[in-house]
Each structure stands twice: as structure tokens, then as C-alpha cells.
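Asker: I'd like to ask some things about the structure below.
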Amino acid sequence: MNDNYFLDTNVLVYAFDHTDPAKKQISNRLVKTALTENTGCISYQVIQEFFNVATRKFASPLSIPDCQRYLDAVLTPLCRIFTSIDLYHEAFDILQKWRYSFYDSLIIASALQANCTLLYSEDLQHDQKIKSLTIANPFI
């Protein structure tokens, strides 16, 4: 994986999914590679969405101390994109041209702002190219 890639929230969520070992393995590999090779990243939005799911929707929700440890060990080192007016303008351009939801457009805009060539997501259209970015579903 030589390309700079962006991880959508669902990739991080599957790293904790004990019901789907194949997706869990793929997710953990992507996260580990992102951390060890400094090739992957996330945005502030991914952190927010992840903790919303992890504390409310996991079969065994993460405790606050576990969330804080994961934030420090994994999410903080991966987070490269923070909210800005430029990010919102880029998201609106994507929303208008490609018709994604506003939140999905923010994810795509974040990946573009991070100069990623790949966006790993299960929720977006596999193999779609948006500017210099290709969306890829790592689970198919």
C-alpha cells in the first residue's frame, strides 16, 4: 500500500466487530498499516462518528477510559484533517456535483484535503473516482 489513504468511520467500526472476522481482520490490517507506515489518515468527523457508534451501538459499548485510550493510541496519530470553512466549501461542491449526502461529502472532501488517492469505505460507491480520489470498498 504505497498510496496515501483515508479511512471512513465504518472501517474503524469493523475493527471491533466480533461477528464478522473477515472484516475485522481487513480493518485491523488497514489501521495497523496506517499507523506503522504513516500512509493512512482520518478526520475529526471520523473520530466523532466512531465514538458515537462505539459508546452507543457496539454490542459491548466501549467505556470512557477505553475510548480515551483508543483516541490517544490510534485516532489522534491518524487524524490529519480538522474542520475549516474551506473544507465545508469543498463538501458543498462534492454534494452538488456527485449528489452524496452532506456528511459523506465531508468525508470525501477530507480525503481530498489530505491528498489521499484512496478512500476506504463500505458506504460509498466502490471504484468511483472523484477528482484525484478513488473510493474503494476494502471488504469486497
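The values are calculated or read from the model by the stated rules, or taken from the named source; none is laboratory data. Since we're looking at a predicted model, the values are computed, not measured. Glycine gets a Cβ as well: all are built from the backbone with ideal geometry, and neighbour counts include every protein chain shown.
Asker: Do we find a residue being surrounded by fewer than 18 Cβ atoms within 10 Å (Cβ to Cβ) and aromatic (Phe, Trp, Tyr) anywhere in region 40-47? Quick ask: steps written out before the conclusion?
Answerer: Taking region 40-47 as the starting set, the residues that turn out to be surrounded by fewer than 18 Cβ atoms within 10 Å (Cβ to Cβ) are 44.
Adding the requirement that they be aromatic (Phe, Trp, Tyr) leaves 44.
Yes: one or more hits.
Asker: Another question about this same structure. Can THR55 be described as more than 20 Å from GLN113 (Cα to Cα), in contact with a helix residue (DSSP H, G or I) (Cβ under 9 Å, 6 or more places away or on another chain) and loosely packed, with under 15 Cβ neighbours inside 10 Å?
Answerer: Values: more than 20 Å from GLN113 (Cα to Cα): yes; in contact with a helix residue (DSSP H, G or I) (Cβ under 9 Å, 6 or more places away or on another chain): yes; loosely packed, with under 15 Cβ neighbours inside 10 Å: yes.
For THR55, the condition - more than 20 Å from GLN113 (Cα to Cα), in contact with a helix residue (DSSP H, G or I) (Cβ under 9 Å, 6 or more places away or on another chain) and loosely packed, with under 15 Cβ neighbours inside 10 Å - is met.
Residue by residue, here is whether (1) farther than 24 Å from HIS126 by Cα; (2) modelled with pLDDT under 95; (3) out of contact with any strand residue (DSSP E or B) (no Cβ under 7 Å at 6 or more places or on another chain) holds:
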site: ASN2; (1), (2), (3): no, yes, yes
site: THR9; (1), (2), (3): no, no, yes
site: ALA22; (1), (2), (3): no, no, yes
site: ALA34; (1), (2), (3): no, no, no
site: GLY40; (1), (2), (3): no, no, no
site: ARG69; (1), (2), (3): yes, no, yes
site: LYS97; (1), (2), (3): no, no, yes
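Asker: Shifting gears a bit: Going through region 96-112 one residue at a time, which ones are touching a residue at least 60 places away in the same chain (Cβ under 8 Å) and in contact with a helix residue (DSSP H, G or I) (Cβ under 9 Å, 6 or more places away or on another chain)?
Answerer: Applying the first criterion (touching a residue at least 60 places away in the same chain (Cβ under 8 Å)) to region 96-112 yields 106-107, 110-111.
Across region 96-112, the qualifying residues are LEU106, ILE107, SER110.
Asker: Do we have any residue at all in region 116-135 that's in a helix (DSSP H, G or I), within 15 Å of CYS41 (Cα to Cα) and over 12 Å from the mean Cα position of the chain (by Cα)? So that I can check it myself, show each step before the final result.
Answerer: Let us first name the residues in region 116-135 that are in a helix (DSSP H, G or I), namely none.
Checking region 116-135: not a single residue is in a helix (DSSP H, G or I), within 15 Å of CYS41 (Cα to Cα) and over 12 Å from the mean Cα position of the chain (by Cα).
Asker: Quick one: PHE82 ticks every box in (1) surrounded by 13 or more Cβ atoms within 10 Å (Cβ to Cβ); (2) in contact (Cβ under 8 Å) with a residue 12 or more places away in the chain; (3) hydrophobic (A, V, I, L, M, F, W, C) except a single one, so which number is it?
Answerer: Going through (1) surrounded by 13 or more Cβ atoms within 10 Å (Cβ to Cβ); (2) in contact (Cβ under 8 Å) with a residue 12 or more places away in the chain; (3) hydrophobic (A, V, I, L, M, F, W, C) one by one, PHE82 breaks only (1).
Asker: Looking at SER63, is it at pLDDT 95 or above and under 17 Å from the mean Cα position of the chain (by Cα)? Steps first, answer last, please.
Answerer: Working: at pLDDT 95 or above: yes; under 17 Å from the mean Cα position of the chain (by Cα): no.
Taking the combined requirement at face value, the residue does not satisfy it.
Asker: Let me ask something additional. Just to be sure, is PHE139 under 12 Å from the mean Cα position of the chain (by Cα), under 27 Å from THR19 (Cα atoms) and in contact (Cβ under 8 Å) with a residue 40 or more places away in the chain? Don't jump to the end; show me each part of the working.
Answerer: Numbers: under 12 Å from the mean Cα position of the chain (by Cα): no; under 27 Å from THR19 (Cα atoms): yes; in contact (Cβ under 8 Å) with a residue 40 or more places away in the chain: yes.
No.
Asker: Is it fair to say ASP93 is of a type in the set (D, E, K, R), free of Cβ contacts under 8 Å to residues at least 60 places away in the same chain, assigned to a helix (DSSP H, G or I) and more than 20 Å from ILE135 (Cα to Cα)?
Answerer: Working: of a type in the set (D, E, K, R): yes; free of Cβ contacts under 8 Å to residues at least 60 places away in the same chain: yes; assigned to a helix (DSSP H, G or I): yes; more than 20 Å from ILE135 (Cα to Cα): no.
It is false that ASP93 is of a type in the set (D, E, K, R), free of Cβ contacts under 8 Å to residues at least 60 places away in the same chain, assigned to a helix (DSSP H, G or I) and more than 20 Å from ILE135 (Cα to Cα).
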